[in-house]
1. Scan segment B:200-215 for residues that are under 19 Å from B:Thr55 (Cα atoms) and either buried (at least 24 other Cβ atoms within 10 Å of the Cβ) or modelled with pLDDT of 95 or more (or both) and jot them down.
2. Among the residues of segment A:237-257, are any assigned by TED's automatic domain parsing to the domain that holds A:Gly93 and assigned to a loop (DSSP other than H, G, I, E, B)?
3. Only one of (1) surrounded by fewer than 19 Cβ atoms within 10 Å (Cβ to Cβ); (2) not in a loop (DSSP other than H, G, I, E, B) is not met by B:Ile187, so which one is it?
4. Just checking, which of A:Ile147, A:Ile142 is in contact with a Pro (Cβ under 9 Å, 6 or more places away or on another chain) and at pLDDT below 95?
5. Name every residue in segment A:197-235 that is among the hydroxyl-bearing types (Ser, Thr, Tyr), outside any helix (DSSP H, G or I) and touching a residue at least 60 places away in the same chain (Cβ under 8 Å), in order of residue number.
6. Among the residues of segment B:44-58, is there at least one that is assigned to a strand (DSSP E or B), touching a Leu at 6+ places or on another chain (Cβ under 7 Å) and under 11 Å from B:Pro219 (Cα atoms)?
Amino acid sequence: MAKKGWMIFGNRHEGWFLWIAGFLAFIVTWWLLALWVDRPYRPTPPEVFIALVESLYTTTPRDPNTMSDHIWASLYRVFWGLVFALALAIPLGYLVGYSRPVEQFVSPAVELLRPIPPIAWLPFAIVMFSVAGDFPAAAVFIIFLGIFFPVLTNIVDGVKGIDDLLYDAALTLGARQRDLVRKIILPASLPSMMTGIRIGVGVGWMTIVAAEMTPVFSEGLGWYIWDRAEVFKYDEMWAGMLMIGIIGIIMIKSLTYAERWLQR
Amino acid sequence: MNDDAPFIRIRNLSKSFVDKNDPTDVVHAVRDFNLAIAEGEFVVVVGPSGCGKTTLLRCIAGLVEPTRGNVHIRGRPLEGPGAERGYVFQSFALFPWRTVRRNIEFGLELKGMPKEERRRISDEYIDLVGLQGFEDSHPRELSGGMQQRVGLARALVNDPEVLLMDEPFGSLDAQTRNIMQTEVLKIWNRTHKTIIFVTHSVDESIYLADRVVVLTARPASIKAIFPVDLPRPRDRASDPFAHIRHEVLEDLTEEVLRGIEQMDKPGEGP
């Protein structure tokens, strides 16, 4: 069955026209607001865009890092937080989803810790890791927390949501107990797991930006925004915010592609 | 029927379920079920709702361990579920993340068959059940009847010794149901499989079966067996058909009523 529409960022648009129109409307609205408000903290789109492009490779006397350096700093922290979170959440998630006793044992701790926003862990993380003088570790830690819980929860839901009859079906088709994990549990729970990772990365990204605004850090996109606002360079501040949004989109879309690839 | 070594021998099969938390809460689903089935026979089991017919079928499949009794196929005792006892589910139980072709190839994959060979065989069975053109569709894109065809092909592709079908057309509308009944007979003619088919539709049972086995109310055992000697395809409106229907319905209704009585007085049954 052929499907109509254009592939843009992995979404099918039966009318790309609407997509372009929406984007243009956004730019126009922004522009009009900027002209109307006419304050330095409300630059126009072209001003922001120029600032964004330039800042990627320029430094200032105050700030030895380019925007690209800041982007890298933030992503680096997210990356490691992701690695550790997946390393722990994936095996634990499958264990909890599969075994009721494990779930009951782990549940109190998880339910209690889960609602605490990762940023709230920052003071503790600073103290814990400042002993080693290692602030990046504190950042990685809170991102780890931000990603860990959604991934865990979604994997557990994914595993528990598997229709029991599918196991029976597999057995009557010649599967042995050990085939069930690879052939049923993993593929059936993959969408849930990827959803959890997407949510987790979203949370982690927002968390690191917020964390970088605290006096603890001296680089990263969060820091960049705060710093530029302090010296009234609002065009660069908005550029930073825009960059955060762009990178967020890139990360989520990459995960969606990764999911497609895993399902082959 | 050769009684020395029937193809399938079910002997004294009984299954009871005990509540783990309350050992006095026992449900007897099947009691003392005895049946011999010849190779290539199409046996249909009819019974009132809740009588234990699904449990019976699952015991024969090896999905459930009987409390007592045993099942022998070709003289060998049953040791658990396997591809030699194919199963078709009322709710289809297709793997939603796999396409039609990959659902059908599941059993072949487990055997480690290489891709080209798998494809060749799955093509055969896709033709057999009439799903050409839908090989790359996912179950959610298919109608109920089509999904059940996938279920059928998926089980048949492993060349099972016996095909177990648990109210396979129960989720389908009446017209699709009739079509699928004809399809099953067509496939049975082509493959000469031994089939044990469970239903609660008397009409369906007489239309399909070599023998109709009527079960008692819970716990299930055999109330009566009606051979159906009419040539196929059978005319549901014919007199002989109506005659057998009348007899089967009589026995079945008796058991249905007994089942209802039982519900008013909770207990273990006879």
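1. Step one: of segment B:200-215, the residues under 19 Å from B:Thr55 (Cα atoms) are B:200-201, B:205, B:212-215.
Correct list: B:Ser205, B:Val212, B:Val213, B:Val214, B:Leu215.
2. Going through segment A:237-257, the residues assigned by TED's automatic domain parsing to the domain that holds A:Gly93 turn out to be A:237-257.
With the extra rule that they be assigned to a loop (DSSP other than H, G, I, E, B), the set shrinks to none.
No; the residues of segment A:237-257 include none that is assigned by TED's automatic domain parsing to the domain that holds A:Gly93 and assigned to a loop (DSSP other than H, G, I, E, B).
3. (1)
4. Working: A:Ile147 fails: at pLDDT below 95.
Testing whether each residue is in contact with a Pro (Cβ under 9 Å, 6 or more places away or on another chain) and at pLDDT below 95 leaves just A:Ile142.
5. From segment A:197-235, those among the hydroxyl-bearing types (Ser, Thr, Tyr) are A:207, A:214, A:218, A:224, A:234; that's our starting set.
With the extra rule that they be outside any helix (DSSP H, G or I), the set shrinks to A:214, A:218.
The one that is among the hydroxyl-bearing types (Ser, Thr, Tyr), outside any helix (DSSP H, G or I) and touching a residue at least 60 places away in the same chain (Cβ under 8 Å): A:Thr214.
6. Filtering segment B:44-58 for residues assigned to a strand (DSSP E or B) gives B:44-46.
Filter once more, so that each one left must be touching a Leu at 6+ places or on another chain (Cβ under 7 Å): B:44-46.
Narrowing the set further to residues that are under 11 Å from B:Pro219 (Cα atoms) leaves none.
No: zero hits.
Listed here are the residues, each with its yes/no results for (1) away from chain A (no Cβ under 12 Å); (2) among the aliphatic types (A, V, I, L, M).
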residue	(1), (2)
B:Gln90	no, no
B:Arg120	yes, no
B:Asp123	yes, no
B:Leu163	no, yes
B:Arg177	yes, no
B:Val198	yes, yes
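Here's the yes/no breakdown for (1) crowded, with 19+ Cβ neighbours inside 10 Å; (2) away from chain B (no Cβ under 14 Å):
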{"position": "A:Ile197", "(1), (2)": "yes, yes"}
{"position": "A:Gly202", "(1), (2)": "no, yes"}
{"position": "A:Met206", "(1), (2)": "no, yes"}
{"position": "A:Val216", "(1), (2)": "no, yes"}
{"position": "A:Arg228", "(1), (2)": "yes, yes"}
{"position": "A:Val231", "(1), (2)": "no, yes"}
{"position": "A:Ile247", "(1), (2)": "no, yes"}
{"position": "A:Ile252", "(1), (2)": "no, yes"}
{"position": "A:Gln263", "(1), (2)": "no, no"}
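The values are calculated or read from the model by the stated rules, or taken from the named source; none is laboratory data. Since this is a predicted model, take the numbers as computed values, not measurements. Glycine also receives a Cβ, built like all others from the backbone with ideal geometry; neighbour counts cover every protein chain displayed.
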